[in-house]
Amino acid sequence: MKKPILTREAATAFLFASPWILGFLTFLAYPLLASLYYSFTNFSVLRVPSWVGISNYRELAGDEVFHIALKNTLLYVIAAVPLGSVMAILLALLLNTKVKGMAFYRTLFFIPSLVPMVALGVLWLWVFNGEYGLLNEGLRGLGVKSPPNWLGDPLWAKWTLILIAMWGSGNAMVIYLAGLQDVPVSLYEAAELDGAKLVAKTRHVTLPMISPVILFNVVMGMIGALQVFAVAYVMFPGGAPARSTYFFTTYLFDNAFKYQRMGYASAMGWVMFLITLGLTMLALRLSSKHVHYEAMQ
Amino acid sequence: MAMGWLRSVGTAAFLVVLASAVVISEQATNRQKKKERVTVVYWEKWTGDEGDSMQKIVDWFNESQDRIFVQYLSISGVNDKTLLATSGGNPPDIAGIWGEQVAQFADAGALMDLTPMAEEAGLDRSDYIGPYWDMVFYNNKLVALPTTPASTAMHVNRSKMPPEYDSPEEFPKTIEELDALVDKVSKRSSDDRLILAGFLPSEPGWWNYGWGKLFGGKLMEGDKLTIDSPENIRAWTWVGQFGKKFGNREVQDFQSGFGNFSSPQNAFMTGKVATVLQGVWMANYIRLYQPKMDWYAVPFPYPADRPDLKGSSFLGLDIVVIPRGAKHPKEAFEFLKFVQRQDVMEKLCSMHGKNSPLSKVSENFFNTHQNKHIRLFDQLARTRVPLFADKLGIWAQLATELNNVTQEINLGTKTPEQALHDAQARLDGQWEVYKKQVLGR
């Protein structure tokens, strides 16, 4: 008797999983593969895509605006990810102490990460307003005669976004907090017996023990930072001033929806994928000697 | 046994979900709201008062006959959504977009040719103010019809003017005279901070594409882009002199305190700039936010050595199109034809506080209009020197580049020559790609 390709059990399993499978194939797998194909075509949405080989990728190599957007994005990643990670770790360490009302503080520090991006952008516009902004009012109050023009000066505009990125450290903070709570108390006790104080305990016990969590958050933070879009789009239309806040995804969006160059935008998407993949692999490789998975076992 | 039962239930549930999805999606995409009438779906960018005004016109049309029902929907990002809906084969019957998008939409094959229907309806250039009619033509085809137009003028806050500039007749006629006025009017505080600018080209910065045009420059000659032409360099040098005059950093700091255009913190209404280049709609906002403001409007000055440019004005136009694949083009055109009627158009433009795109304008329109300078804006629309967006498929890229050029010059990071030359090089590349990939040249 011939063995059926699918057992009854497997068929039933597939049937029940079919909504997800259909959703995955329709909304993820197909668009993904289609965008790869479109990246080799001239595609303006309304016309049938025409094959252009690697010319979109070749054009990207010589596109000055693409280079500016890529440089801005990488600078943002380099600054925002470490700063955001340090901020999240510090917050998690503080919120891991035994203080009365800790549940309230934890909620308080997590809430900002729930604010919708567009609302956040509008809110920050007022905080960073050069003349009437809360921040500059405060700086003037502290005696700074000429506080930075956060939104209008190309030197400061990117830093404005980097500072804003730290506002959303709540998600990473929660993950660090969970990691911190998994650190065995016995290790701290042993360290104390050896005479370790707070800094030494943090350096030699806490950080190595949560190193896999740090790696996870850094990689996720890096992927998120490479896709910086909403706040920058709302606060700095067109990447103003003078394209100093023009990011990879903003340029991708403009090409896709403003200039109707879907093929070119698809090529950008795949370049972004390769950059993300490369940076992730680099992070995993560089971290191999510093991440201690045995702690998680 | 239990497994078989489960599988039957699972299969049945799956089929029910599938069938429901088909029925619901059919219901959701079926736009026929009234059985006895053909429903024409109209997507428009206007919201708020402007949207309400158009809704009144739509209601008027719906009441005027019993064959067609126009369903008006305010849609944000109407251009993107219209394109995507068109590519998906389910576009609206009418879409309200911007005049400068005609070439991009037409090149993409997104627009229906309205020429035969317009000819049948007896609509031709003589019915319209020339430049507005020309804006809706592309490659000798009528691809759109006008809704509300605009012309621009210099708006002047009288309270900030020295006595000798108290009336429109006394306001500077040439750009050189304007420069002198700016020097005279601009003020600094005791700690040397700029507190009043006579004029700032970057406020609101909506016509950055056009500074060269004000000096007789062009962005295109035949098939070639002429971004770094001598006239354009001259124009952007003039734009850049404001940064030199007031200090680049000083202007940035000063401008960072400007509120949104549509707010009581608008720089012109709060008296931070004494004059501003603005469209006919500005009066609506002054009436709303600063009703007691004493202001007047005049044509924008021209270069002293180019008297032929006297009376130039930037013209803009909101347009309505019938996207390719629309289900009811004839019925849609019925509505568009209705909007082109003089009484209907005047009603709409009056409610929007704009001038009319039609060549014939009634005295009643002028006499009852909310803008006290409406006759000036009508005259400016009929100018010998109309300035408007070039019909170019890469207009969006060009406008973006020229915004960037203006910012670079205002920040002092590049000279006008350098900034325009760089923009020319980038746009030349994009234009070549567009010609090859989209126009097939």
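The values are calculated or read from the model by the stated rules, or taken from the named source; none is laboratory data. The structure displayed is predicted, hence computed values, not measured ones. A quick note on method: Cβ atoms are made from the backbone with ideal geometry, for glycine too, and the neighbour counts reach across all protein chains shown.
Would you check if there is a residue in region A:237-248 being assigned to a helix (DSSP H, G or I) and surrounded by fewer than 19 Cβ atoms within 10 Å (Cβ to Cβ)?
Of the residues in region A:237-248, the ones assigned to a helix (DSSP H, G or I) are A:237-239, A:248.
So of that shortlist, the ones also surrounded by fewer than 19 Cβ atoms within 10 Å (Cβ to Cβ) come out as A:237-238.
Looking for residues that are assigned to a helix (DSSP H, G or I) and surrounded by fewer than 19 Cβ atoms within 10 Å (Cβ to Cβ), one finds at least one in region A:237-248, hence yes.
Across region A:211-265, what is the total count of residues that are modelled with pLDDT of 95 or more, over 14 Å from A:F66 (Cβ atoms) and basic (K, R)?
Matching residues across region A:211-265 total 0.
So that you can scan it fast, the table gives a plain yes or no per residue for (1) within 24 Å of B:L392 (Cα to Cα); (2) within 14 Å of chain A (Cβ to nearest Cβ); (3) not in a helix (DSSP H, G or I):
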| residue | (1), (2), (3) |
| --- | --- |
| B:T86 | yes, yes, no |
| B:Q104 | yes, yes, no |
| B:D113 | yes, no, yes |
| B:M117 | no, no, no |
| B:H155 | no, no, yes |
| B:L181 | no, no, no |
| B:K184 | no, no, no |
| B:I195 | no, yes, yes |
| B:F199 | no, no, yes |
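Which of the residues that make up region A:18-33 are among the aliphatic types (A, V, I, L, M) and within 10 Å of chain B (Cβ to nearest Cβ)? Let's see the steps before the verdict.
As a first pass, look at region A:18-33 and keep what is among the aliphatic types (A, V, I, L, M): A:21-22, A:25, A:28-29, A:32-33.
Matches in region A:18-33: A:L22 only.
Considering A:E9, A:E59, which residue is within 27 Å of B:A12 (Cα to Cα) and within 11 Å of chain B (Cβ to nearest Cβ)?
After applying the criteria, what remains is A:E9.
Please enumerate the residues belonging to region B:137-151 that are touching a residue at least 60 places away in the same chain (Cβ under 8 Å) and out of contact with any helix residue (DSSP H, G or I) (no Cβ under 7 Å at 6 or more places or on another chain). Lay out the reasoning, then the answer.
Step one: of region B:137-151, the residues touching a residue at least 60 places away in the same chain (Cβ under 8 Å) are B:138, B:143-151.
Answer for region B:137-151, where residues must be touching a residue at least 60 places away in the same chain (Cβ under 8 Å) and out of contact with any helix residue (DSSP H, G or I) (no Cβ under 7 Å at 6 or more places or on another chain): just B:A150.
Look at region B:384-395 and say how many of its residues are buried (at least 19 other Cβ atoms within 10 Å of the Cβ) and either touching a Lys or Arg at 6+ places or on another chain (Cβ under 8 Å) or away from chain A (no Cβ under 14 Å) (or both). Give the steps one after another, and end with the answer.
First, the residues of region B:384-395 that are buried (at least 19 other Cβ atoms within 10 Å of the Cβ): B:386-389, B:391-395.
After this cut, where a residue has to be either touching a Lys or Arg at 6+ places or on another chain (Cβ under 8 Å) or away from chain A (no Cβ under 14 Å) (or both) as well, the list is B:386-389, B:391.
Here the count works out to 5.
Which residue, of A:G221, A:G278, is closer than 30 Å to A:P31 by Cβ and either of a type in the set (V, I, T) or touching a residue at least 40 places away in the same chain (Cβ under 8 Å) (or both)?
A:G221
Conditions tested, residue by residue: (1) modelled with pLDDT under 95; (2) under 20 Å from A:Y259 (Cα atoms); (3) β-branched (V, I, T).
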residue: A:A29; (1), (2), (3): no, no, no
residue: A:L33; (1), (2), (3): no, no, no
residue: A:Y37; (1), (2), (3): no, yes, no
residue: A:V45; (1), (2), (3): yes, yes, yes
residue: A:N56; (1), (2), (3): no, yes, no
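Of the residues that sit in region A:62-76 and are free of Cβ contacts under 8 Å to residues at least 60 places away in the same chain and within 12 Å of chain B (Cβ to nearest Cβ), which one is surrounded by the fewest Cβ atoms within 10 Å (Cβ to Cβ)?
Applying the first criterion (free of Cβ contacts under 8 Å to residues at least 60 places away in the same chain) to region A:62-76 yields A:62-64, A:67, A:71, A:74.
Adding the requirement that they be within 12 Å of chain B (Cβ to nearest Cβ) leaves A:62-64, A:67.
Details: A:G62: 9, A:D63: 20, A:E64: 12, A:H67: 12.
Ranking the candidates gives A:G62 first.
When region A:47-56 is examined, which residues are found to be surrounded by 20 or more Cβ atoms within 10 Å (Cβ to Cβ) and within 9 Å of another protein chain (Cβ to nearest Cβ)?
Going residue by residue through region A:47-56, those that are surrounded by 20 or more Cβ atoms within 10 Å (Cβ to Cβ) are A:52, A:56.
The answer is A:V52, and nothing else.
Which residues, counting only those in region B:303-318, are out of contact with any strand residue (DSSP E or B) (no Cβ under 6 Å at 6 or more places or on another chain), touching a residue at least 40 places away in the same chain (Cβ under 8 Å) and either surrounded by fewer than 19 Cβ atoms within 10 Å (Cβ to Cβ) or assigned to a strand (DSSP E or B) (or both)?
Just the residues of region B:303-318 that are out of contact with any strand residue (DSSP E or B) (no Cβ under 6 Å at 6 or more places or on another chain), to begin with: B:303, B:305-308, B:311.
If we keep only those that are touching a residue at least 40 places away in the same chain (Cβ under 8 Å) as well, we get B:303, B:306, B:308, B:311.
Selection gives B:R306, B:D308, B:G311.
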